[in-house]
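Notes follow once the structure below has been shown.
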Amino acid sequence: MKRIVVCVYPILSNIETVLDDIKYDQLISVDQATHFLIEKNIPISLAIGDFDSIKDKIVLNDINHITLNVEKDETDTLAAIRYAYQQNPDEVIVLGGIGGERIEHSIANISLLNEFPNLKIITDYSKIYTLSEGTYQTSFKGYISIFSMIDSVISLKNFKYPLNQYELTLFNTIGISNELNGDIGTIEVKKGKIMVIESKK
């Protein structure tokens, strides 16, 4: 499996441990995350961004990088993920990118899940991913929250709050903070596409 990791600010506090656990082929850093990865001596395959947040751009001389225009119609993160998918990976994992001073960037990064298949976002506390029509099992022991990406019909079995062919519309919050009612839970997406957020307790 070809896996590409995209590191985005704010980066994970335990980034070294997470990277050790992920078998990846390439690591792409996005703009401000580049500075933090260099400080931690983490090898970077490619850095992408306008780098307006990096004061001393001399650090870019020793790494492969693509400099984007400051004024553009897409975020640095979107440009990096598009580049990642051009490498024909089986999976792309975004580390970080949620939180920080500007909530609009968090929303923009979460919205990328709707555009790119097999994309996951991992933060210090959560893993975020999407599920299309099908039946899936989970053994995650923390909070499991489910939101619709488009109007969907879902069933939840072996959950504390089960659902049976529930019409989950956009912005409906009934799926927040659920938990398993046993070792294995089943999520069935009969129609549509959902976002799943697994959060540590």
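Only the coordinates and a few stated rules stand behind these numbers; no lab work does. All values derive from a computational prediction rather than experimental measurement. In this analysis, Cβ positions are derived from the backbone assuming ideal geometry, glycine residues included, and neighbour counts consider all displayed protein chains.
A few notes on this one:
- Long-range tail of P(r) for the chain (Cα pairs > 29 Å, %): 28
- Cα coordinate range in the range 131-199, projected on the principal axes (Å, largest first): 28, 20, 17
- Potential lengthening of the chain between residue 193 and residue 167 amounts to 8.2 nm, from the contour at 0.36 nm per residue minus the alpha-carbon distance.
- Note, ³J(HN,Hα) from phi for the range 98-114, Karplus 6.51, -1.76, 1.60, rounded to Hz, x at Gly and Pro: 10, x, x, 7, 10, 5, 4, 6, 4, 5, 4, 5, 5, 5, 5, 4, 7
- Counting beta carbons within 10 Å around each of 16, 39 and listing the fewest first gives the order 39, 16.
- Ellipticity estimate at 222 nm from DSSP helix runs (n ≥ 4, -39,500 (n - 2.57)) divided over the chain, nearest 500: -5000 deg cm²/dmol
- FRET efficiency, 1/(1 + (r/R0)^6) with R0 30 Å, evaluated for residue 115 and residue 200 via beta carbons: 0.65
- Relative to its Kirkwood radius, the Cα radius of gyration of the range 32-139 gives an Rg/Rh of 0.98.
- Estimated inter-spin distance, residue 177 and residue 62, nm [label 7 Å along Cα→Cβ]: 4.7
- Largest first, the three principal axis extents of the alpha carbons in the range 1-64 are 34, 23, 17 Å in whole numbers.
- Approximating the spin labels as points 7 Å out from Cα along Cα→Cβ, the residue 129-to-residue 16 distance works out to 2.7 nm.
- When you restrict to C-alpha pairs under 8 Å that are six or more residues apart and normalise by the size of the chain, the relative contact order lands at 19 percent.
- Listed peptides 189-195, 172-178, 25-31 by packing density, highest first (mean Cβ within 10 Å): 25-31, 189-195, 172-178
- Which listed pairs, of 57/120; 72/191; 127/193, have C-alpha distances above 24 Å, in listed order: 57/120; 72/191
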